[in-house]
Amino acid sequence: MISGRGSNLQALVKAAQNEAWQARFVAVISNQPDAKGLDFARQNGIPAIVVNHRDFASREAFDEALAKTIDSFSPDLIALAGFMRVLTDPFIDRYQGRMINIHPSLLPHFPGLHTHERALEAGVKKHGASVHFVTRVVDEGPIICQGEVPVLPNDDADTLAARVLKMEHRIYPLAVKWFINGRLHQEGSQVQISPPESQYIVQA
Ligand code: GAR
């Protein structure tokens, strides 16, 4: 599920191709009709579907339509890749344990928006991205893996965002691959990866 550019979507599709994943992308769904990632999906033969939140009177109605669309494809995994809508509790509960998200910070630091600006403002020396299972609280939920990047003295939000994005493209495919290979499970507030993995933390 996307809302925009779709660079993480591209990273996933490319990893799947390069590494011959035993999985297929059944659909790309966007709440934004003009999301660039939809073009990429179409070019790669993946059904590209818009469920425009503006067409619905309430968050609940939107989420119901979204769930109906998702369920029509019977996916094993739902990957949020820059999907920028807050989801309702019933929607999240429905896909518990099989919906994951990537967030551009080292959670639990900087949930929400403008993570790079906030990291610079806080003066942290290390920043990055996290992949986590989606739970009811936005940008919270059991962390699957994280990628760290340094914050350099001359960074602005754009240079830092670019460094983090590159790292996002490394760690999201890792997590999805673990899931596809049946190694990754959510156990309450914890994540189980079996056999254990050495790449929970990826460094730049
Ligand atoms: C990525 O940086 C992703 O981590 C972020 O949106 C961007 C989407 O880029 N997601 C969030 O902030 C979710 N809280 P992309 O469309 O090029 O993948």
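The values are calculated or read from the model by the stated rules, or taken from the named source; none is laboratory data. Because the structure is a prediction, the values reported are computed rather than measured. Ideal geometry is used to build each Cβ from the backbone, glycine not excepted, and the neighbour counts take in all protein chains shown. Side chains are part of the model used for accessible areas, which takes the heavy atoms of the whole protein and leaves out ligands, DNA and RNA. Shrake-Rupley method; radii C 1.70, N 1.55, O 1.52, S 1.80 Å.
In table form, for the structure just shown:
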read-out	value
Per DSSP, loop trypsin sites (Lys or Arg not before Pro) in the stretch 40-102 with at most 10 further Cβ within 10 Å	none
Solvent-accessible surface ranking, highest first, for PHE62, PHE73 at 1.4 angstrom	PHE73, PHE62
In sequence order, calculated HN-Hα J values of the stretch 85-100 (Karplus, 6.51, -1.76, 1.60; Hz; x Gly/Pro)	10, 6, 9, 6, 4, x, 5, 5, 4, 4, 10, 3, x, 9, 10, 10
Residue-count net charge about ARG5 - beta-carbon cut-off 13 Å; Lys, Arg +1, Asp, Glu -1	-2
Fluctuation leader among LEU107, LEU120, LEU174 - the chain, Gaussian network, Cα springs under 10 angstrom	LEU120
Counting DSSP beta bridges with both ends in the stretch 7-140, the antiparallel % (nearest 5)	40
Charge dipole (the chain, unit charges on Cβ, about Cα centre) - positive-most of ALA161, PRO142, ALA67	ALA161
Long-range amide H partners of SER30 with built H, under 5 Å	ILE2, ILE49, VAL50, VAL51
Helical mean residue ellipticity (222 nm; -39500 (n - 2.57) per DSSP H run of 4+; nearest 500) of the chain	-11000 deg cm²/dmol
Note, ³J(HN,Hα) from phi for the stretch 5-19, Karplus 6.51, -1.76, 1.60, rounded to Hz, x at Gly and Pro	3, x, 6, 5, 4, 4, 4, 5, 5, 5, 4, 4, 5, 5, 9
20 Å Cα-Cα reach of LYS166 towards lysines, excluding residues that sit fewer than 8 places from it in its own chain	LYS14, LYS36, LYS125, LYS126, LYS177
Whole-number accessible area per residue in Å² for the stretch 1-160, which is evaluated in the context of all protein chains at 1.4 Å	50
3J(HN,Hα) from dihedral phi, the stretch 43-51, Karplus parametrisation 6.51/-1.76/1.60, rounded to Hz, x for glycine, proline	5, 9, x, 9, x, 10, 10, 10, 10
Normalised per residue, the volume of the convex hull around the Cα set of the chain (Å³)	122
Cβ-based net charge around ARG170, under 12 Å, with every Lys or Arg adding one and every Asp or Glu removing one	+2
Binned Cα-Cα distances of the stretch 77-187, short to long, each 10 Å bin given as a whole percent	15, 46, 29, 9, 0
Normalised per residue, the volume of the convex hull around the Cα set of the stretch 37-142 (Å³)	127
Environment charge at THR115 (Cβ cut-off 12 Å; Lys +1, Arg +1, Asp -1, Glu -1)	-3
